[in-house]
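Enquirer: Input: one structure, supplied below.
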Amino acid sequence: VEQSKRYLDETILSEVSSYPDTEFILVLPPYSRIFFAIEAQYDKPMFRVFKESIRYLVTMSGQYPNLKLYGWGDHDFPDDIANYKDLFHYSEKINSWMLDAIEHKEGLLTSGNVEKYLERISEKGENYDLFELGEKIDNYLTSSAKTMKSE
């Protein structure tokens, strides 16, 4: 966690403090829930560092009025793999939605809502059924293979 904080200090926050007249908007990419479920369920130390980094950036945004942090991991759309090209790249529809959300300050993380946000992403990540998804993928691949053989 301390290493992550130092990294954020040396990269993002040094720029934020050097340019107080520039508004910095940081977006926590709404990766597929699958990605966060893997971390929340199988790489708990990394998930903890991720959450502490968010908490730290939100705390620092209170000290730097030119820093805004947005996150939508508490929404439902990351649950739907159809919104993604892979675990990290979402559709254009999601890009457009995020721009609109930023314009309306939806998803702005503050000291008043960050704990609820972190609880929600933890809950969603820990409860996402990776085994059920794996079974669906296996069934799809099996039926696709049978269909291709019969053609």
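The values are calculated or read from the model by the stated rules, or taken from the named source; none is laboratory data. Owing to the predicted nature of the structure, the values given are computational and were not obtained by experimental measurement. Glycine also receives a Cβ, built like all others from the backbone with ideal geometry; neighbour counts cover every protein chain displayed. When the accessible area is computed, the model is the full protein with side chains, heavy atoms only, and any ligands, DNA or RNA have been set aside. Shrake-Rupley method; radii C 1.70, N 1.55, O 1.52, S 1.80 Å.
Enquirer: Could you give me the residue pairs with C-beta distances under 9 Å whose first residue belongs to region 24-53 and is more than 24 Å from ASP80 (Cβ to Cβ) and at pLDDT 95 or above, whose second residue is β-branched (Val, Ile, Thr) and not in a helix (DSSP H, G or I) wherever it lies, and which are 6+ apart or on separate chains?
Expert: ARG48/VAL1; VAL49/VAL1; GLU52/VAL1; SER53/VAL1
Enquirer: So ILE54 ticks every box in (1) over 12 Å from the mean Cα position of the chain (by Cα); (2) assigned to a helix (DSSP H, G or I) but one. Which box is left unticked?
Expert: Result: ILE54 passes all but (1).
Enquirer: Hey, another quick one. Which condition number does LEU87 fail, the rest of (1) assigned to a helix (DSSP H, G or I); (2) in contact (Cβ under 8 Å) with a residue 12 or more places away in the chain; (3) open to solvent by 20 Å² or more (accessible area, probe 1.4 Å) being met?
Expert: It fails just one condition, (1).
Enquirer: From (1) open to solvent by 80 Å² or more (accessible area, probe 1.4 Å); (2) under 14 Å from the mean Cα position of the chain (by Cα); (3) closer than 25 Å to SER17 by Cα, pick out the condition that doesn't hold for GLY71.
Expert: Condition not satisfied by GLY71: (1).
Enquirer: Restricting attention to region 23-64, which residues are open to solvent by 70 Å² or more (accessible area, probe 1.4 Å) and more than 23 Å from LEU99 (Cα to Cα)?
Expert: Within region 23-64, ILE38, TYR42, LYS44, PRO45, MET46, ARG48, THR59, GLN63 meet the criteria.
Enquirer: Give the residue, chosen from ASN66, ASN83, that is touching a helix residue (DSSP H, G or I) at 6+ places or on another chain (Cβ under 9 Å), polar (S, T, N, Q) and modelled with pLDDT under 95.
Expert: ASN83
Enquirer: Taking interchain pairs and intrachain pairs at least six residues apart, which have beta carbon atoms under 9 angstrom, with the first residue in region 128-151 and on the phi > 0 side of the Ramachandran plot and exposed (fewer than 10 other Cβ atoms within 10 Å of the Cβ) and the second in a helix (DSSP H, G or I) and at pLDDT 80 or above?
Expert: Pairs found: none.
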